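Reviewing the structure listed below.
The values are calculated or read from the model by the stated rules, or taken from the named source; none is laboratory data. These figures come from a predicted structure and were not determined experimentally. As a convention, Cβ positions derive from the backbone with ideal geometry for all residues, glycine included, and neighbour counts pool all protein chains shown. Just the protein is used for accessible areas: all its heavy atoms, side chains included, with ligands, DNA and RNA removed. Shrake-Rupley method; radii C 1.70, N 1.55, O 1.52, S 1.80 Å.
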Amino acid sequence: MRKFISLIFIASLFSGCATYYQKNQKFQEMVQKGELEKAQKYISRDSTKAVKGKDRVLYFFKAGWLDYMTADYQKSTDWFQQADFYIEDYQKNVGSEALALITNPMVKPYKPEDIENVMTNYYKAMDFMMMGKRDAALVEARKITQKLYALNDKYKKHKNKYSDDAFAHVLIGLLYDADNDYNNAFIAYRNAVKVYDSLYEPVFGISTPEQLKHDLLRTAYLTGFQDQVDFYEKKFDTKYVHKKNDGGSLVLFWANGFGPVKGEWSINFSVVKGSGGWVTFANDEYGLSFPFFIGDWSSGKQSEFSDLSFLRVAFPKYLERKPVYHSAILRNGAENYPLEMAENINAISFKTLNDRMLREMGNSLLRLATKKIVEGAVRDQDKNIGAIVGIINAVTEKADTRNWQTLPYSISYTRIPLSEGTHQLQLETKSKTQSSEHPLNVTIQKGQTLFRSFRSLETYPVQENP
C-alpha cells in the first residue's frame, strides 16, 4: 500500500494544472511567427530525452513538420516514418496503465488521435510529391484510407463517423492523373465524390470541390466513359466541354491556420450505492449513468463511497484556433483560380473526439473508482494518510490534453493549366479586413503535373468554448 502512495505522490508532482498546449506555448509562438529554424533549435535541445519519452510521437510530429516546412523533405519523411512505426507498434505499457488508473492518462505514452494517425501519411505523401516520387506518394495516400478502414473495424458497431477520408481519394486521383492513368484517376475521383456526398457534407460540412467535379468529368471523358460523363453532368448540373491542354498543369495545396488544441472540462457525478458490491456514477444533467462493481469490501471501504455526495471527473475537449485568412485565389494574369477546401481538420477533430466521449467517460470513471478504492483501503489503515491520499487524488484528476498542434486548420487546393515554360503567379490570401499577396514562380514542362504547397501560419488565439 505504501508503494501505491509513493507512486501517486510522485505522479502528483508532475501533474500540474497546465495543459499540454500551455506547456508548449513558447514553441507554438515561434511557429506562428514563422521562426521555424529557431523552433528547430528549441526542440533539439532535449531531443535525446524526447525521442525516448512518453511523448516521443509528438516530438516526431514536431520535427517532421518543421523539416517539411523548411523543405528538407527526406529528413521530414524519416521523422514521420518513425511516427508511423510508433503508431503501428503501439503497445499498452502495463506499468503506465496501472499508474494511469491511480493518477491520470498523461502518465501514459501518447496514443495519437485517428486524424493525427492518418495525417502522418499525408505528410509523407506530400514529402514524396515535393521530391517528385509519385509512386511512393501514392502508397502513402492509399495508407490513409486503409488505416481508416482498419480503425473503424475496431469500433463497436462502427460508430466512428470519421470512417473514410475524401481528401485521400482526391490525392490518389491526382497522382494517377499526373501519370496519365486516367482510368484509375477516374475511380479515385469517383470514390472521393461518394465520400463527400455521404460523409463529409452531412457530418463535416464540406461539399464536393468544383475542381474535383471537373477532374472527374475530364478523366471520364479521356477514358471513354461517356455514360459516366452523362451521369455526372446530370448530377452536377453542368455541361462538360473538353479543352485540350498542350502544356502542363500546377496543383497547389493551401494549408491554412492551425487545428485545435486540447483543453479540459469536468462534470460532477453523484454516487449511488447499490447492492451486491455495485455503485453507480450518475449525472442527471447529461442523462449519464455508469455502474461499477466494487466487490466485497469491508464496511470501511464501502462507506468511503456511500459517504460521498458527488465526484468531479475531468475530460479532454478541443479548443478552436480560427485562421486569419478565410479564402485564397491563385492568379495567372487576368485568370483567377479559387482554392477550395477539401479537408477540414478542425471539424474532423471535434467530431471524432465527440464520437468517443462515452468511451472517454467510462475510462475516466474507472480511473476515479480505482483512486477511491486505494483511498478507502488506506483509510482503513490510517485515516490521516487516507486523507492525504484523498487530496492527492483530487490534485491528480486531470484529462489528457496532449495532441499534434502544428496540424493545419484546413487544406484547400486548385489545379491551374499552364503553357510550357516559366510562369510568375500570385497567390492572394484574404481575411475579413485585409489580403496578402504571395509570388509563386513555377516552370512547367509539356505534359507535366507539378505539385506545390503553401502554408498560412496566421491564426487567432485559442477560442475558449463552453
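Do the conditions hold for G247, that is, is it over 22 Å from H214 (Cβ atoms) and of a type outside the set (K, R)? No: the conditions fail for G247. Taking the range 216-253 as the range and being part of a strand (DSSP E or B) and of a type in the set (S, T, Y) as the test, only S249 passes.
If you go through the range 106-145 and pick out every residue that is closer than 30 Å to S364 by Cα and not in a helix (DSSP H, G or I), you end up with 6. When S266, S207, S198 are checked against the criterion of being at pLDDT below 95 and either over 17 Å from R415 (Cα atoms) or open to solvent by 40 Å² or more (accessible area, probe 1.4 Å) (or both), S266 stands alone in meeting it. Within the range 327-347, being surrounded by 15 or more Cβ atoms within 10 Å (Cβ to Cβ) and either closer than 30 Å to S163 by Cα or in contact with a Lys or Arg (Cβ under 6 Å, 6 or more places away or on another chain) (or both) holds for S327, A328, L339, E340, M341, A342, E343, N344, I345, N346, A347.
Is it true that K3 is at pLDDT 65 or above, assigned to a helix (DSSP H, G or I), open to solvent by 30 Å² or more (accessible area, probe 1.4 Å) and farther than 19 Å from M69 by Cβ? It is false that K3 is at pLDDT 65 or above, assigned to a helix (DSSP H, G or I), open to solvent by 30 Å² or more (accessible area, probe 1.4 Å) and farther than 19 Å from M69 by Cβ. Criterion first (within 26 Å of R359 (Cβ to Cβ) and in a helix (DSSP H, G or I)) does Y149 satisfy it? Yes: the conditions hold for Y149. Please indicate, with yes or no, whether at least one residue in the range 10-19 is part of a helix (DSSP H, G or I) and at pLDDT 95 or above. No, every residue in the range 10-19 fails to be part of a helix (DSSP H, G or I) and at pLDDT 95 or above. Of the candidates F236, F231, F186, the single residue that is surrounded by 15 or more Cβ atoms within 10 Å (Cβ to Cβ), farther than 23 Å from A125 by Cα and not hydroxyl-bearing (S, T, Y) is F236. Counting residues in the range 213-227 that are within 29 Å of the chain's Cα centre (by Cα), closer than 22 Å to I348 by Cα and modelled with pLDDT of 95 or more gives zero. When the residues of the range 393-448 are filtered to those that are closer than 28 Å to E320 by Cα and among the acidic types (D, E), the one that is surrounded by the fewest Cβ atoms within 10 Å (Cβ to Cβ) is E437. Of all positions in the range 169-182, none carries a residue that is buried (at least 23 other Cβ atoms within 10 Å of the Cβ), within 17 Å of V229 (Cα to Cα) and touching a Gly at 6+ places or on another chain (Cβ under 8 Å).
Would it be correct to say that D72 is of a type outside the set (A, V, I, L, M, F, W, C), open to solvent by 50 Å² or more (accessible area, probe 1.4 Å), modelled with pLDDT of 95 or more and under 30 Å from A188 (Cβ atoms)?
yes
Inside the range 176-192, can you point out the residues that are part of a helix (DSSP H, G or I) and without any contact (Cβ under 8 Å) to a residue 24 or more places away in the chain? Result: N184, I187, A188, N191. Give the residues of the range 330-348 that are hydrophobic (A, V, I, L, M, F, W, C) and farther than 20 Å from Y200 by Cα, sorted by residue number. Once the filter is applied, which keeps residues that are hydrophobic (A, V, I, L, M, F, W, C) and farther than 20 Å from Y200 by Cα, the range 330-348 yields L330, A334. Just a yes or no: is a residue in the range 85-98 at pLDDT 95 or above and not in a loop (DSSP other than H, G, I, E, B)? Scanning the range 85-98 turns up no residue that is at pLDDT 95 or above and not in a loop (DSSP other than H, G, I, E, B).
Among the residues of the range 33-45, is any within 26 Å of K108 (Cα to Cα) and small (G, A, S)? Within the range 33-45, one or more residues are within 26 Å of K108 (Cα to Cα) and small (G, A, S). The number of residues in the range 298-330 being at pLDDT 90 or above and among the hydroxyl-bearing types (S, T, Y) comes to 3. A single member of G333, G287, G277, G362 is over 33 Å from the mean Cα position of the chain (by Cα) and modelled with pLDDT under 90, and it is G277.
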